[in-house]
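A.B. asks: What follows is a structure written as structure tokens; I'll ask about it next.
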Amino acid sequence: MLPTLLRRLYQTLNGFEMGKRKIVSEPDELEQLMEPGPDDVYGVVVKMYGYDRVLVECSDGKTRLCRIRGQLKRRIWIKEGDLVLVSPWDFQRDKRGDVWWRFTRGQALKLAEKGVLPDFLKAKIMG
């Protein structure tokens with residue numbers, strides 16, 4: 001009995017809430033703009049295939065069948081028209097990849113204003 005009370009007290013004082021998950025709010029994520037790595041490309045989700053597969057039109061002009069990473073799949077919903085970061089696979093580089101980040105609408109517009117995205121991706125985001 002006593003250890004349970006002490007554990008609950010410790011969790012309450014340190015910001016833990018029993019039985020509740022921490023939810024990342026969108027304004028917190030607006031502050032950080034994720035930069036692509038050397039092999040990563042920007043892309044726009046064209047079609048949802050179900051489970052964890054999406055068809056993404058990438059900034060290098062290729063259309064890839066991408067898999068949504070498990071950590072991202074559990075945290076964030078991805079829909080058609082979203083701007084994402086794609087990491088092409090080492091094999092089947094032109095056809096397959098992993099989606100590892102989704103930009104919010106505000107972040108996508110900010111990237112389009114900066115001129116980071118190619119024109120055909122800007123048109124898909126704006127329209």
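A.B. asks: Can you tell me the order of 105-117, 52-64 when each peptide is scored by its average per-residue count of other Cβ atoms within 10 angstrom, highest first?
C.D. replies: Ranked by mean Cβ neighbours within 10 Å, highest first: 52-64, 105-117.
A.B. asks: Taking 0.36 nm per intervening residue step and subtracting the Cα-Cα distance, what contour gain separates Gln92 from Arg74 on full extension?
C.D. replies: Between Gln92 and Arg74, full extension yields 3.9 nm more.
A.B. asks: Which of the peptides 69-75, 37-43 is most tightly packed, and how do the rest follow, judged by the mean count of other Cβ atoms within 10 Å per residue?
C.D. replies: 37-43, 69-75
A.B. asks: Something else about it: Determine the shape class of the stretch 39-127: with a ≥ b ≥ c the square roots of the Cα gyration tensor eigenvalues, call it rounded for a/c under 1.5, and otherwise prolate if a/b is greater than b/c, oblate otherwise.
C.D. replies: Because a/c hits 1.5 or more and a/b fails to exceed b/c, the stretch 39-127 counts as oblate.
A.B. asks: With N set to the number of residues, divide the alpha-carbon radius of gyration of the stretch 36-89 by 2.2 N^0.38 Å and report two decimals.
C.D. replies: In units of the 2.2 N^0.38 Å rule of thumb, it is 1.03.
Every number in this text was worked out from the coordinates using simple rules, so none of it is lab data. Computed from a predicted model, the values in this text were never measured in an experiment. Heads up, the Cβs are rebuilt from the backbone with ideal geometry, glycines too, and the neighbour counts pull from every protein chain shown.
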